[in-house]
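Visitor: My questions all concern the structure below.
The values are calculated or read from the model by the stated rules, or taken from the named source; none is laboratory data. Owing to the predicted nature of the structure, the values given are computational and were not obtained by experimental measurement. In this analysis, Cβ positions are derived from the backbone assuming ideal geometry, glycine residues included, and neighbour counts consider all displayed protein chains. Protein only, heavy atoms only, side chains kept; ligands, DNA and RNA dropped before computing areas. Shrake-Rupley method; radii C 1.70, N 1.55, O 1.52, S 1.80 Å.
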Amino acid sequence: MRPAEIGPCERHLVRVTARGAPWLRAAMAGLCGVFGLAGYHGADTLIVAVLAGAITLLSCAQGLWYAVAPVPFAAAGIVLAVTLGLSQLVLGAQPYTGWILATASIMSVTCYFEWPHRQLAAHAVAAATVAGYTAGCVLAGGGFPVVPSVRMVLQALLAWLGLRLILRSARFCDRLSRRAARRRSTAEAARAQRAADSAYLALLHDTASTTFLMVSTAAADDFGWLPGQARRDLEVLTTQSVRERETDLAELLESFDGHMDLDVRLDVRGPIVLPAEAAFAIYHGVREALSNVRKHSGDLRPTVSAHQDGQVEVLVRDRGRGFDPDHVPPHRRGLSDSIRARMTEAGGQVEVTSAAGEGTTVHWTWTRG
């Protein structure tokens, strides 16, 4: 019976056996026929040639078109198997040796590999082969061929059991493959979820948490920038999921005018249209850089410049205190996560240049691949 679901290992095995077994039978039947011709003369040689040729041609056709018209192929195999055995009425009984016994033995074995998922057809061909040979031997006066008949039955049984074992092994491999695929899929989903969680946490860091930190450190009468900043944070949080379009980075950067009460000097030559993922990676990186300027540099007049000339280039400069980029405390994750990691995931690069007392420059580059 044909299984409901066939995996790639079993499918490949069935294809190889169903194509290969008929060719093997064709080669062996042709060879046995050639040797059989040497032992006959006259009209007998014609019978041998016709039988060997018919079996060879049928096997070749089945090897070429194994999936086409399986019922006619099986019926033709049964007819040839019976005819082969009954040919002993003309050619003489062959109870123990001869090309008829050799050909019948080959047919009783290869039929199972020709029909791996059609067991009824395989059993029918094997039974017809054994019955035709036995009947031909008895009717031709050679007596009941106990040993050859039992041997062919055992050969057919072993072939069937061997094929069952091979198919079961292939199905086991397919089950292992499906299990491994499910595990990979689960792991990929978990990684995607972690990446989404990490991106969301980075977004919160860049927006609400940074604004809260600025509120906690600002003077009591220094909140004029807060409503506009909160509105921009809300816009970013509500539009973060829109990532499947081209975006004008220039428009995003121009929104930094008055960012956190900074006097941002903008030099943006737009339009700068690029994939939304890269545009938002640069946008959030610039936002984090400006937040760091306000919190740490002491310079309230940073410069943001951007242009597109073959590649996109964006710079944020300040003339503040500066710092050593190689010695940032581990808990300060804005530079590593919000700026570098996010841009790397978008296919771009970030270079941070700074030194104590010399200000800081953050340089983003992105090239369309």
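Visitor: Within the range 66-83, can one find any residue that is part of a helix (DSSP H, G or I), exposed (fewer than 14 other Cβ atoms within 10 Å of the Cβ) and either under 40 Å from the mean Cα position of the chain (by Cα) or basic (K, R) (or both)?
Guide: Looking through the range 66-83, at least one residue is part of a helix (DSSP H, G or I), exposed (fewer than 14 other Cβ atoms within 10 Å of the Cβ) and either under 40 Å from the mean Cα position of the chain (by Cα) or basic (K, R) (or both).
Visitor: Next question. Is one or more of the residues making up the range 100-122 over 16 Å from A18 (Cβ atoms) and without any contact (Cβ under 8 Å) to a residue 40 or more places away in the chain?
Guide: No, every residue in the range 100-122 fails to be over 16 Å from A18 (Cβ atoms) and without any contact (Cβ under 8 Å) to a residue 40 or more places away in the chain.
Visitor: Could you please give the count of residues in the range 256-274 that are surrounded by 15 or more Cβ atoms within 10 Å (Cβ to Cβ) and part of a loop (DSSP other than H, G, I, E, B)?
Guide: Matching residues across the range 256-274 total 5.
Visitor: Of A18, A29, which residue is closer than 30 Å to L91 by Cα and either open to solvent by 50 Å² or more (accessible area, probe 1.4 Å) or of a type outside the set (S, T, N, Q) (or both)?
Guide: Going through A18, A29 in turn, just one is closer than 30 Å to L91 by Cα and either open to solvent by 50 Å² or more (accessible area, probe 1.4 Å) or of a type outside the set (S, T, N, Q) (or both): A29.
Visitor: Which members of the range 131-182 meet the condition of being open to solvent by less than 30 Å² (accessible area, probe 1.4 Å) and hydrophobic (A, V, I, L, M, F, W, C)?
Guide: Those that are open to solvent by less than 30 Å² (accessible area, probe 1.4 Å) and hydrophobic (A, V, I, L, M, F, W, C): C137, M152, A156, A159, L163, L167, A170.
Visitor: Could I ask something else about it? If I47 satisfies all but one of (1) of a type in the set (A, V, I, L, M, F, W, C); (2) without any contact (Cβ under 8 Å) to a residue 60 or more places away in the chain; (3) buried (at least 17 other Cβ atoms within 10 Å of the Cβ), what's the number of the condition it fails?
Guide: (3)
Visitor: Looking at the range 78-95, I want the residues that are under 14 Å from P145 (Cα atoms) and in contact (Cβ under 8 Å) with a residue 12 or more places away in the chain and have a partner that is open to solvent by 50 Å² or more (accessible area, probe 1.4 Å) and part of a loop (DSSP other than H, G, I, E, B) with Cβ atoms under 8 Å, at least 6 apart or on another chain. Which pairs are those?
Guide: Going by the 8 Å Cβ cut-off, the qualifying pairs are A93/G141.
Visitor: In the range 1-39, how many are farther than 24 Å from L163 by Cβ and at pLDDT below 85?
Guide: 2
Visitor: Quickly run through the range 32-44 and pick out the residues that are open to solvent by less than 40 Å² (accessible area, probe 1.4 Å) and under 11 Å from L91 (Cα atoms). So that I can check it myself, show each step before the final result.
Guide: Filtering the range 32-44 for residues open to solvent by less than 40 Å² (accessible area, probe 1.4 Å) gives 32-33, 36, 40.
Of everything in the range 32-44, those that are open to solvent by less than 40 Å² (accessible area, probe 1.4 Å) and under 11 Å from L91 (Cα atoms) turn out to be G36, Y40.
Visitor: In addition: Which residue is nearest to L120 (Cα to Cα), if the candidates are limited to the range 23-43 and must be touching a Phe, Trp or Tyr at 6+ places or on another chain (Cβ under 7 Å) and not hydrophobic (A, V, I, L, M, F, W, C)?
Guide: G33
Visitor: Let me ask something additional. Given (1) surrounded by 15 or more Cβ atoms within 10 Å (Cβ to Cβ); (2) of a type in the set (G, A, S); (3) closer than 21 Å to L249 by Cα, identify the lone condition not met by G320.
Guide: Answer for G320: the failing condition is (3).
Visitor: Then there is this: Give the range 84-94 a look and list any residue that's surrounded by fewer than 23 Cβ atoms within 10 Å (Cβ to Cβ) and part of a helix (DSSP H, G or I), or say none.
Guide: Within the range 84-94, L86, L89, V90, L91 qualify.
Visitor: Provide a single number: the residues in the range 95-130 that are part of a loop (DSSP other than H, G, I, E, B) and crowded, with 24+ Cβ neighbours inside 10 Å.
Guide: Qualifying residue count for the region: 1.
Visitor: Identify all residues within the range 356-369 that are touching a Phe, Trp or Tyr at 6+ places or on another chain (Cβ under 8 Å) and surrounded by fewer than 17 Cβ atoms within 10 Å (Cβ to Cβ); write none if there are none. So that I can check it myself, show each step before the final result.
Guide: Initial filter on the range 356-369 (touching a Phe, Trp or Tyr at 6+ places or on another chain (Cβ under 8 Å)): 356, 360.
Listed by number, the list holds a single entry, A356.
Visitor: Only one of (1) in contact (Cβ under 8 Å) with a residue 12 or more places away in the chain; (2) assigned to a helix (DSSP H, G or I) is not met by V150, so which one is it?
Guide: Evaluating V150 over (1) in contact (Cβ under 8 Å) with a residue 12 or more places away in the chain; (2) assigned to a helix (DSSP H, G or I) leaves (1) as the failure.
Visitor: On to the next question. Of E351, E277, which residue is in contact with a strand residue (DSSP E or B) (Cβ under 7 Å, 6 or more places away or on another chain), of a type in the set (D, E, K, R), surrounded by fewer than 21 Cβ atoms within 10 Å (Cβ to Cβ) and in contact (Cβ under 8 Å) with a residue 12 or more places away in the chain?
Guide: Unique residue meeting the criteria: E351.
Visitor: Moving on. Only residues that are under 12 Å from I100 (Cβ atoms) and modelled with pLDDT under 90: list them for the range 49-62, please.
Guide: none
Visitor: Return the total of residues in the range 287-321 being among the aliphatic types (A, V, I, L, M) and at pLDDT 90 or above.
Guide: Residues meeting the conditions: 6.
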